[in-house]
Amino acid sequence: MGTIRHLFIVGIGPGSAELMTKQAQLAIEKSEVIVGYRTYIDLILPYIQGKEVVATGMTKEIERAEIAIDLAKKGKKVAVISSGDAGVYGMAGLIYEMIAAREEKISVQIEVIPGISAVNAAAALLGAPLMNDYCTISLSDLLTPWEQIEKRIRLAADADFVIALYNPKSKKRILPIQKTQEILLQYRSVDTPVGIVKNAYRDDQEVIVTTLGEMLHHEMNMVTTIIIGSSDTFKFDQKIVTPRGYQNKYSLTER
Ligand code: SAH
């Protein structure tokens with residue numbers, strides 16, 4: 001039976017060092033080998049001086065997970081880096097899945113270190129759009145069939161969730177976001193507030209407040225998170241806010 005004694009799966013937050021947790025820094029410090037997607041390794045360069053680094057390209061998640069598992073099995077202290085939170089469309093689940101699928105039984109000591117996910121970062125920059133029930137939907141159909149994504153958009157729209165979209169658009173994948181807007185317009189008004197956040201807490205950060213009707217007039221890429229308001233969400237001072245429901249309980253103006 002194999003044994004893994006030291007494998008950290010670390011969410012490093014959306015980009016800036018200030019938004020990485022102390023625990024994430026400590027996990028990286030304690031590790032001998034850092035495994036990650038090249039762009040994310042670049043974001044944490046100050047913390048990994050003198051350490052062995054295995055950096056691979058995008059879509060190489062399986063390769064990274066395999067390398068990390070094998071190194072950890074050999075007794076190395078390994079930290080796998082994910083952007084945002086490692087358990088939100090990140091590396092944590094993949095590593096568990098791969099270990100669970102191996103024929104050989106491996107006894108593991110994995111520690112997942114939580115991080116600030118893109119949805120939290122985007123929400124803070126936009127004001128307070130997630131104050132009531134919300135869901136996240138990834139528009140990438142690489143791992144989830146489009147029919148299923150479409151069904152989730154429809155049902156989330158019908159249930160009036162605030163909807164955060166991850167992976168909204170890439171150079172080759174432009175139809176899903178158009179289709180998403182089309183579906184949402186069947187349930188919500190053209191004036192529904194929408195926030196588009198690009199490169200949150202990284203260089204070239206951009207925060208746009210727009211509407212469901214106008215959202216496609218703005219550029220978006222693979223480092224963009226979009227938050228679509230519910231029917232209650234309102235614009236205020238170039239921010240978007242979803243009421244929690246206090247107005248039904250207390251008078252907010254008589255204070
Ligand atoms: N584990 C990550 C998500 C990985 S999926 C997390 O918890 O945040 C990759 C998607 O995350 C991107 O397509 C984009 O939608 C979003 N994202 C990641 N970093 C971002 C950032 N700094 N600004 C805006 N969106 C970001």
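Things to note:
- Checklist (1) β-branched (Val, Ile, Thr); (2) modelled with pLDDT under 95; (3) buried (at least 20 other Cβ atoms within 10 Å of the Cβ) applied to Thr180, failing item: (2)
- Candidates Ala86, Ala92: the one that is in a loop (DSSP other than H, G, I, E, B), within 11 Å of the ligand (Cβ to nearest atom) and farther than 27 Å from Lys179 by Cα is Ala86.
- Within the range 95-131, the set of residues being assigned to a helix (DSSP H, G or I) and either free of Cβ contacts under 8 Å to residues at least 12 places away in the same chain or not small (Gly, Ala, Ser) (or both) comprises Ile95, Tyr96, Glu97, Met98, Ile99, Ala100, Ala101, Val119, Asn120, Ala124, Leu125, Leu126.
- Just one of the numbered conditions (1) surrounded by fewer than 18 Cβ atoms within 10 Å (Cβ to Cβ); (2) not in a helix (DSSP H, G or I) is not true of Asp42: (2).
- Counted residues, the range 105-133 - those being within 11 Å of the ligand (Cβ to nearest atom) and touching a helix residue (DSSP H, G or I) at 6+ places or on another chain (Cβ under 6 Å): 1
- All positions within the range 3-27 that are at pLDDT 95 or above, in contact with a strand residue (DSSP E or B) (Cβ under 6 Å, 6 or more places away or on another chain) and more than 12 Å from the ligand (Cβ to nearest atom): Leu7, Phe8, Met20, Gln23, Ala24, Ala27
- Matching option when the condition is modelled with pLDDT under 95 and surrounded by fewer than 20 Cβ atoms within 10 Å (Cβ to Cβ), among Lys172, Lys151, Lys235: Lys172
- Qualifying residue in the range 61-73 (condition: part of a loop (DSSP other than H, G, I, E, B) and either more than 16 Å from the ligand (Cβ to nearest atom) or at pLDDT below 95 (or both)): no
- Some residue of the range 45-55 being within 16 Å of the ligand (Cβ to nearest atom) and either among the hydrophobic types (A, V, I, L, M, F, W, C) or assigned to a helix (DSSP H, G or I) (or both): no
The values are calculated or read from the model by the stated rules, or taken from the named source; none is laboratory data. Because the structure is predicted, anything quoted here is derived from the model rather than measured. All Cβ positions, glycine included, derive from the backbone under ideal geometry; neighbour counts span all protein chains shown.
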